[in-house]
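Only the coordinates and a few stated rules stand behind these numbers; no lab work does. Every value quoted in this text rests on a predicted model; they were computed, and no experiment measured them. Cβ coordinates were reconstructed from backbone atoms using ideal geometry, including for glycine residues, and neighbour counts include every protein chain displayed.
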There are 2 protein chains.
Amino acid sequence: MVAPHALRDGAVAKHEQLRARLAEMCRTSLSPGDALPSERQLCDLYGVSRTTVRDAVGQLVTEGMLVRIHGKGTFVAEPHARSQLHLASFHEDMRRLGLTPTTVVLLAETAVPPPVTVVNLGLRSRDQALHLRRLRLADNAPISVDDAWYNLIELPGLDQLDLHASIYQALEQRYQKPVDRAEQTVRAAEADDVVATVLGIRPGSPVLRFDRVGYHQDTPLEHAQSWYRSDRYELQMSLTQ
Amino acid sequence: MVAPHALRDGAVAKHEQLRARLAEMCRTSLSPGDALPSERQLCDLYGVSRTTVRDAVGQLVTEGMLVRIHGKGTFVAEPHARSQLHLASFHEDMRRLGLTPTTVVLLAETAVPPPVTVVNLGLRSRDQALHLRRLRLADNAPISVDDAWYNLIELPGLDQLDLHASIYQALEQRYQKPVDRAEQTVRAAEADDVVATVLGIRPGSPVLRFDRVGYHQDTPLEHAQSWYRSDRYELQMSLTQ
DNA sequence: CGACCCAACTGGTCATGACCAGTTGAAGAA
DNA sequence: TTCTTCAACTGGTCATGACCAGTTGGGTCG
C-alpha cells in the first residue's frame, strides 16, 4: 500500500514538507475548530513515521496554527499572525511566520519632517529626511501601513537606493549601522479613512498603532509609525522577573 | 556504567526534568556564549535517549535560552534584554505610574472553565477553577476589565480568600507560588457592549486586549483576558538585539 | 433506568539505531 | 611552507516500536 500523498525524498526535510502541506490544509480546506486527522492517520496518508508527523505538527502548534488536546485530537486554532517581540524588519518578521512579505511604496520623498520626528531623530530645524510610506502585505493580504522617516544626516545617500529592497539590510550592509535597539509604544486606535482604505478595512476598525524609534548605538536612524490590522496581527511576548 | 546525574522515573516527564536542570545549569554555572555538553554527552550524563535530550534542549532553544549551531554545538544565549514590560499586578503597575488603583469585583464563582483555559491551566476536563471578573480603576477612572481563571488544583482554597485583596500577593505569601513568568499576546479589538458599558466608552471603541497565562516555575496558575481603554493605557517597550 | 467499566480511540513519552550535513583540526601531499 | 584531504566531532533527520495517559461511547451489571 502506497501512501496517498507521499512526500519526496530530497533536499527539503520531510517534516518541512509536511508542515507546509498541513499549513496549506488549515488555510484552505479546514476551518478554525476543525480536527486534523490523527497523528497515526497522517503517518499513513503521507508515508512517514510518527516522529516526523509529531515534528511537523509540533511546529504548527508552536506557531499557534494548531492546538493539541491530549486524548481528543489536534485542532485548527483561530487564525492570527503573531509576532514575537523582537527587533526584526517586517520582512524577517513575516518570513519567520512562514508568510511571504511584499512591500508597496506608497510615497517616497525627501522633506523636512514634522517636529516630533525632528526631535526623535536629533535633527536641526530645517534638516531634511527621507520619508517613506509603505503598505506591507503577507501572502498578498494587507497587514500594515507604515509611515517612516530616516535620518539622512547619518545615512547620506539613502534616498538614492532602491527603496523596494530592505531598508534594514541597507543600513546593515551599506552603512554598517544596523538598528540594534528600538523604543516603541503600542496602543489600540481606530483606523482613519486613509489607513482604512489602504488596509482594506472599515474606517473606525481597531488597529494596533506602533510608534517606534530605531537606534544604532544611541544614534537615532528611524522614526516610524505603523498601523497593523488587528484581525491579522498580534503581538506575542514573554515576561520574566 | 550508571549515568552520573540520572533522572527519576515518575510523574514528571524526563524531558521536563532535564529541561529544568539544563536551565539551572545555564543560570548558575555557565555564562552567555559557553557551550553546553554535546547532545550525546548529555545522553550519557543523564542516562536518557537522544530523543529526550533533543526535546529538552529544543524547548530551551524555543524559549531563547540556548542557541544550536549545526556542526558546532549548543550555546548559552545572551540573556534576553527583555523590556520594561513588567511582570506586575495591576496594583503595582498603577502605583508605578503614580496613580491610585481600585478594584471592583464584578463576578466571582467556582466553575468549569472554557476549553482554552482548561488547556492553558493544564487542567482535566471537569476540573473547576476560580473565575473572577474585575473592573480596574486608576484615580477612580475605569482603565480595564479583566476576566481571569485561577488554577484551584495548584491553589486549593483560593476561592475562600478575600477577593478584594491582591491575588498576586496571596499567591506569593500564602502559597509561596509567585507568578514569575507570563506569556501574553496583545491585540487591538473593538469593545463589545459589556466591556464598553463597564469601561464607560462607546461600543466599538478600540481597546487593547491582552491574553495572558501566568506561571510559577512552569506551573500555570492564571489565565486572564483583559481589555484596556486605549485612551488611557499604552504599552511601552524597549527592544534590543 | 442509572452507574460502572472497558475497549478503542486520541496525543505524550522514550529508547534505539541509522544516516545526513556542517565544522574543525590534524595528518599527509604538494 | 601551504594546501588538501579526511576522520572525528557537532547537530539534523527519520524510522520503528513500545508503552503511558486522557477521552469517549457503548455495553454490562446492579
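List of remarks:
- Counting only DSSP beta bridges with both residues in the protein assembly as shown, the antiparallel share comes to about 95 percent.
- Exposure proxy ranking, count of Cβ atoms within 10 Å, fewest first, for B:Met65, B:Met25: B:Met25, B:Met65
- Net charge contributed by nearby residues that have their C-beta within less than 15 Å of B:Leu132 (K/R +1, D/E -1): -2
- Its residue count N fixes a reference of 2.2 N^0.38 Å for the protein assembly as shown, and the Cα radius of gyration divided by that reference is 1.06.
- Other residues lying with their Cβ under 12 Å from the Cβ of A:Thr110 contribute a combined charge of -3, Lys and Arg counting +1, Asp and Glu -1.
- Mean shadow area of region A:82-236, taken as a quarter of the surface of its Cα convex hull (nm²): 8.6
- Considering only A:Asn120, A:Met25, A:Thr185, the residue lying farthest towards the positive end of the dipole of chain A is A:Met25, judged by Cα position with unit charges set on Cβ.
- Listed residues A:Leu130, A:Phe75, A:Leu158: farthest to the positive end of the dipole of the protein assembly as shown (Cβ charges): A:Phe75
- Spatial offset of region A:46-81 relative to region B:1-52 amounts to 26 Å, using the alpha carbon center of each.
- Around the Cα centre of region B:90-229, unit charges on the Cβ atoms of Lys, Arg, Asp and Glu (plus for the first two, minus for the last two) sum to a dipole of about 180 debye.
- Of A:His15, A:His223, A:His70, the one that fluctuates the most in a GNM where chain A has Cα springs shorter than 10 Å: A:His70
- The Cβ shell under 11 Å around B:Val145 holds other residues with a net charge of +2, Lys and Arg each +1, Asp and Glu each -1.
- Dipole of chain A, positive end: most advanced residue of A:Leu7, A:His91, A:Tyr228 [Cβ charges, Cα centre]: A:Leu7
- Convex hull volume per residue in cubic angstrom - Cα atoms of region A:21-79: 74
- Distance between region B:122-191 and region A:154-188 - C-alpha centres, whole angstrom: 41
- Simple Cβ-charge dipole of chain B, Lys/Arg +1 and Asp/Glu -1, about Cα centre, in debye nearest 20: 480
- Using a 7 Å Cα-to-Cβ projection, B:Leu161 label spacings across copies, nm, ascending: 5.3
- Using a 7 Å projection from Cα along Cα-to-Cβ, the label point at B:Gln41 is separated from the same position in the remaining copies by 4.6 nm, smallest value first.
- Shown for B:Glu183: label points 7 Å from Cα along the beta-carbon vector, and their distances to the equivalent points in the other copies, 3.1 nm in ascending order.
- Evaluated with a Cβ-only charge set (Lys, Arg +1; Asp, Glu -1), the protein assembly as shown carries a dipole of roughly 860 debye about its Cα centre, given to the nearest 20.
- Residue-averaged 222 nm ellipticity for chain B, from DSSP H runs of 4+ at -39500 (n - 2.57), nearest 500: -7500 deg cm²/dmol
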